[in-house]
Amino acid sequence: MQSVSARLKKSAPFLDGAKKVFVAFVDDATIQGLNEQFKHVKAPTNVLSFEINQTDPEDGMLILGEVIVSVDTAQREAAHAEMPARDRLTELFIHGLVHLLGYDHTINRREAARMRRKEKGFMHRMNTAGYRSGIRA
């Protein structure tokens, strides 16, 4: 997890310095509970993102939201794609982050392609093998 945390810190410059995002790494049971509660889907998923868009009264920074990643699902997907789990965890965080920045791949193919380009750009800037899995979040 430490190498993933170091990579996530590299994402800070993409947030314009005055924004922050919370991230939680959880197991399948936890993410399934959240998925059921908020998306009405009784199954685990790899990543969820929740917009907050409020100013933190302590430091005045805008809290974009929270990204929740299932480590269990990420590890299975990484094994299936024959890639390091840390790369898949990073991909999933970036996928959630890009959602918080206003991108939505579920709208149409054009928006999905736009979102993929943004994700690839973040992965490239973070110096990861990046977006090799071919698995969609």
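The values are calculated or read from the model by the stated rules, or taken from the named source; none is laboratory data. Everything quoted here is computed from the prediction, not taken from an experiment. Note: ideal-geometry Cβ built from the backbone for every residue, glycine included; neighbour counts use all protein chains shown.
For region 36-76, enumerate the residues that are touching a His at 6+ places or on another chain (Cβ under 7 Å) and touching a residue at least 60 places away in the same chain (Cβ under 8 Å).
Within region 36-76, the first condition is being touching a His at 6+ places or on another chain (Cβ under 7 Å), and the residues that meet it are 47, 49.
The one that is touching a His at 6+ places or on another chain (Cβ under 7 Å) and touching a residue at least 60 places away in the same chain (Cβ under 8 Å): Val47.
Could you list all residues from region 98-116 that are in a helix (DSSP H, G or I) and β-branched (Val, Ile, Thr)? Break it down stepwise before answering.
We begin by selecting, within region 98-116, every residue in a helix (DSSP H, G or I); these are 98-100, 109-116.
Within region 98-116, Val98 is the sole residue that qualifies.
Condition check ((1) surrounded by fewer than 17 Cβ atoms within 10 Å (Cβ to Cβ); (2) modelled with pLDDT of 90 or more; (3) closer than 25 Å to Asp28 by Cβ) across all residues:
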position	(1), (2), (3)
Val67	no, yes, yes
Ala79	yes, yes, yes
Leu100	no, yes, yes
Gly121	yes, no, no
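Tell me which residues, restricted to region 76-92, are among the aliphatic types (A, V, I, L, M) and in contact with a Gly (Cβ under 8 Å, 6 or more places away or on another chain). I'd like the intermediate steps shown before the answer.
Of all residues in region 76-92, those among the aliphatic types (A, V, I, L, M) come to 78-79, 81, 83, 85, 89, 92.
Matches in region 76-92: Ala81 only.
Given the conditions (1) surrounded by fewer than 16 Cβ atoms within 10 Å (Cβ to Cβ); (2) aliphatic (A, V, I, L, M); (3) in contact with a strand residue (DSSP E or B) (Cβ under 9 Å, 6 or more places away or on another chain), and given that Ala112 satisfies all but one, which numbered condition is not satisfied?
Going through (1) surrounded by fewer than 16 Cβ atoms within 10 Å (Cβ to Cβ); (2) aliphatic (A, V, I, L, M); (3) in contact with a strand residue (DSSP E or B) (Cβ under 9 Å, 6 or more places away or on another chain) one by one, Ala112 breaks only (3).
Among the candidates Ala74, Ala78, which residue alone is assigned to a helix (DSSP H, G or I), touching a helix residue (DSSP H, G or I) at 6+ places or on another chain (Cβ under 6 Å), aliphatic (A, V, I, L, M) and closer than 21 Å to Tyr103 by Cβ?
Ala74
Could you please find all residues in region 18-35 being among the small types (Gly, Ala, Ser) and either touching a residue at least 60 places away in the same chain (Cβ under 8 Å) or part of a strand (DSSP E or B) (or both)?
As a first pass, look at region 18-35 and keep what is among the small types (Gly, Ala, Ser): 18, 24, 29, 33.
The one that is among the small types (Gly, Ala, Ser) and either touching a residue at least 60 places away in the same chain (Cβ under 8 Å) or part of a strand (DSSP E or B) (or both): Ala24.
What is the one condition in (1) modelled with pLDDT under 90; (2) buried (at least 18 other Cβ atoms within 10 Å of the Cβ) that Leu89 does not satisfy?
All conditions are met except number (1).
Looking only at residues that are more than 13 Å from the chain's Cα centre (by Cα) and of a type in the set (Ser, Thr, Tyr) in region 1-59, which one is modelled with the highest pLDDT?
Thr30
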